[in-house]
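> Structure provided below as structure tokens; questions to follow.
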2 protein chains.
Amino acid sequence: NHIIVCGAGRVGWQVAEQLSKDDVPFVIIDSHIDILQQYGQQNLLFIQGDAREDDVLRQAGIDHARGVVAALPTDADNVYIALTAKGLNPDILVVARADRMESEDKLYRAGADKVVSPAVIGGRRMAMSILKPASVEYVETVLHDKEHEIDLEEIVLREHSPLTNKTLAEAQLREKTGAMVVAIRRGQELISNPRASQMLLPGDLLIVFGTRNQLTAFELLASAPKKP
Amino acid sequence: NHIIVCGAGRVGWQVAEQLSKDDVPFVIIDSHIDILQQYGQQNLLFIQGDAREDDVLRQAGIDHARGVVAALPTDADNVYIALTAKGLNPDILVVARADRMESEDKLYRAGADKVVSPAVIGGRRMAMSILKPASVEYVETVLHDKEHEIDLEEIVLREHSPLTNKTLAEAQLREKTGAMVVAIRRGQELISNPRASQMLLPGDLLIVFGTRNQLTAFELLASAPKKP
Ligand SMILES: [Ca+2]
Ligand SMILES: [Ca+2]
């Protein structure tokens, strides 16, 4: 149930750093062993090889992996990895890097579940930094903050959760935990900024924002056995 | 009161696209005129020249510009632009791109107000896409959504705003507008996920999340003359 990171350049390395921080097991593949020295000694699983080859992906455990991150610097290579990975394990989640805008569509057609373009999101972040600096600070706090321990968490409501078949107002989540439901994913629909009258249903994925303690309290509340 | 975008590569171009969408006036500087053909005909102010030169930045109107985006592909060039821009106009806002992690500190010391690394935020976004795909969808909706017209807005409370010296609960912003205060910037402090008991003070910068209509209603409410 691990993640395979293909490519240990600046982008792939950042993926690995983030997975480390979140204690998610991963293996990183790169054809250059000397890239490890560049980053200093680290305790990590590394395979020296070409991530485009079936054998290398098999060696990285693609048959039982949860996801593949295709972060090679060339879009054509990432298209190839997406096709290979989905061929070897159709259930695997593939996140691919695109450098050129026109590659995005090709990556999705090759089977990628999500395409990320560092240049596009970097450029947008720069524009937003000029226009709405406080909002950038807020977004970066939500996404990356370690000091304040603020985070977004995803919580799926099981059928027997005491929160189901209540409105947000009735569930009193904010009052009881301090955490805030910022969005609800229901099937294909994303309900952003849900109203107090919004009904919570079994299977809803709640996107919840708060401190670590608030989120833990929220998870406990969501999973408590329902009162008869 | 315009923005100067230095560099029309993939990152700089994305900045320009975003500024266009938000109807913010800007001029773009690049030494290669042929870059314009690459993107097709567009109605934009373009200066062919070296953005590291005082004369070129002066020609771009640096003395009365609101901000400079240093998006050249080489970090050393962006350091140089930051120093030059702040030298020519100490009040200007400088947002700089960093490709290498070790440049970040140098860019801040050169006077940049904000440094953005596309590789770092791209890698983080990729990791988050594997671990919390619905949260990524939510964040991207907030930041870039055009279809649902959902956005973050920054609203400064003036002294005579009817919202000042009330708690969030008393102000009934959510009930009256549908928009949600997700954070408050007060001086150096960022209050994320403020509680209902939080007092609103003159000078507070509210970060508000909602649809276009909700945000407009919020702005009207915040700027209405105070009842005696
Ligand atoms: Ca976090
Ligand atoms: Ca938006």
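> So which of B:103, B:129 is within 30 Å of residue A:209 (Cβ to Cβ) and polar (S, T, N, Q)?
B:129
> Can I ask one more? What number of residues within the stretch A:68-90 are within 14 Å of chain B (Cβ to nearest Cβ) and either farther than 24 Å from residue A:17 by Cα or not in a helix (DSSP H, G or I) (or both)?
Residues in the stretch A:68-90 being within 14 Å of chain B (Cβ to nearest Cβ) and either farther than 24 Å from residue A:17 by Cα or not in a helix (DSSP H, G or I) (or both): 6 in total.
> If residue B:137 meets every condition in (1) in a helix (DSSP H, G or I); (2) modelled with pLDDT of 90 or more apart from one, which number is that one?
So the condition that residue B:137 fails would be (2).
> Pull up the stretch B:6-30, narrow it to residues that are of a type in the set (A, V, I, L, M), outside any loop (DSSP other than H, G, I, E, B) and more than 9 Å from every other protein chain (Cβ to nearest Cβ), then point me to the one that is surrounded by the fewest Cβ atoms within 10 Å (Cβ to Cβ).
Result: B:27.
> Another one. Residues of the stretch B:60-76 being surrounded by 19 or more Cβ atoms within 10 Å (Cβ to Cβ) and over 16 Å from residue B:3 (Cβ atoms), which ones?
Result: B:75, single match.
> Within the stretch A:42-59, restricting attention to residues that are under 20 Å from residue B:123 (Cα atoms) and among the hydrophobic types (A, V, I, L, M, F, W, C), which residue is surrounded by the most Cβ atoms within 10 Å (Cβ to Cβ)?
A:51
> Checking the condition in a loop (DSSP other than H, G, I, E, B) and modelled with pLDDT of 95 or more, which residue from A:63, A:55, A:50 passes?
A:50
> Give the residues of the stretch A:31-43 that are modelled with pLDDT under 70 and in a loop (DSSP other than H, G, I, E, B), sorted by residue number.
Listed by number, the residues that qualify are A:40, A:41, A:42.
> Something else now. Take residue A:171 and tell me if it is away from ligand 1 (no atom under 16 Å from the Cβ), away from chain B (no Cβ under 11 Å) and farther than 27 Å from residue A:212 by Cα.
So residue A:171 fails the test.
So that you can scan it fast, the table gives a plain yes or no per residue for (1) among the β-branched types (Val, Ile, Thr); (2) within 16 Å of ligand 1 (Cβ to nearest atom); (3) touching a Pro at 6+ places or on another chain (Cβ under 6 Å); (4) farther than 30 Å from residue B:24 by Cα:
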site	(1), (2), (3), (4)
A:98	no, no, no, no
A:119	no, no, yes, no
A:138	no, yes, no, no
A:160	no, no, no, yes
A:180	no, yes, no, yes
A:189	no, no, no, yes
A:197	no, no, no, yes
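> Could you please tell me which pairs satisfy a Cβ distance under 6 Å, a separation of 6+ or placement on different chains, a first residue in the stretch B:76-100 that is modelled with pLDDT under 95, and a second residue that is crowded, with 17+ Cβ neighbours inside 10 Å?
Listed pairs, sorted by first residue: B:99/B:75; B:100/B:75.
> While we're looking at this one, here's another question. Which residue is farthest from the chain's Cα centre (by Cα), if the candidates are limited to the stretch B:177-214 and must be hydroxyl-bearing (Ser, Thr, Tyr) and not in a loop (DSSP other than H, G, I, E, B)? Steps first, please.
Residues of the stretch B:177-214 that are hydroxyl-bearing (Ser, Thr, Tyr), as a first pass: B:177, B:192, B:197, B:211.
The next check asks that each one be not in a loop (DSSP other than H, G, I, E, B); those that pass are B:177, B:192, B:211.
Details: B:177: 24, B:192: 18, B:211: 18 Å.
So the residue we want is B:177.
> Which of the residues spanning the stretch B:66-93 are basic (Lys, Arg) and over 17 Å from residue B:106 (Cα atoms)?
Listed by number, the list holds a single entry, B:66.
> Given the criteria over 20 Å from the mean Cα position of the chain (by Cα), more than 16 Å from ligand 2 (Cβ to nearest atom) and buried (at least 20 other Cβ atoms within 10 Å of the Cβ), does residue B:131 qualify?
Numbers: over 20 Å from the mean Cα position of the chain (by Cα): yes; more than 16 Å from ligand 2 (Cβ to nearest atom): yes; buried (at least 20 other Cβ atoms within 10 Å of the Cβ): no.
The answer is no for residue B:131.
> Turning to a different aspect of this structure: Is it the case, given these coordinates, that residue A:152 is touching a strand residue (DSSP E or B) at 6+ places or on another chain (Cβ under 9 Å) and away from ligand 1 (no atom under 16 Å from the Cβ)? Break it down into steps so the answer makes sense when it comes.
Details: touching a strand residue (DSSP E or B) at 6+ places or on another chain (Cβ under 9 Å): yes; away from ligand 1 (no atom under 16 Å from the Cβ): no.
Spelling it out, it is not the case that residue A:152 is touching a strand residue (DSSP E or B) at 6+ places or on another chain (Cβ under 9 Å) and away from ligand 1 (no atom under 16 Å from the Cβ).
> Shifting gears a bit: Quick check on this structure: which one of B:163, B:107 is assigned to a helix (DSSP H, G or I) and away from ligand 2 (no atom under 16 Å from the Cβ)?
Among B:163, B:107, only B:107 is assigned to a helix (DSSP H, G or I) and away from ligand 2 (no atom under 16 Å from the Cβ).
For (1) within 16 Å of ligand 2 (Cβ to nearest atom); (2) at the interface with chain B (Cβ under 10 Å from one of its Cβ atoms), each residue gets a yes or a no:
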residue: A:150; (1), (2): no, yes
residue: A:159; (1), (2): no, no
residue: A:167; (1), (2): no, no
residue: A:184; (1), (2): no, yes
residue: A:192; (1), (2): yes, yes
residue: A:195; (1), (2): no, yes
residue: A:204; (1), (2): no, no
residue: A:213; (1), (2): no, no
residue: A:218; (1), (2): no, no
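The values are calculated or read from the model by the stated rules, or taken from the named source; none is laboratory data. What you see is a predicted model, and the numbers here were worked out from it, not measured in a lab. Cβ atoms come from the backbone with ideal geometry, glycine included; neighbour counts cover every protein chain shown.
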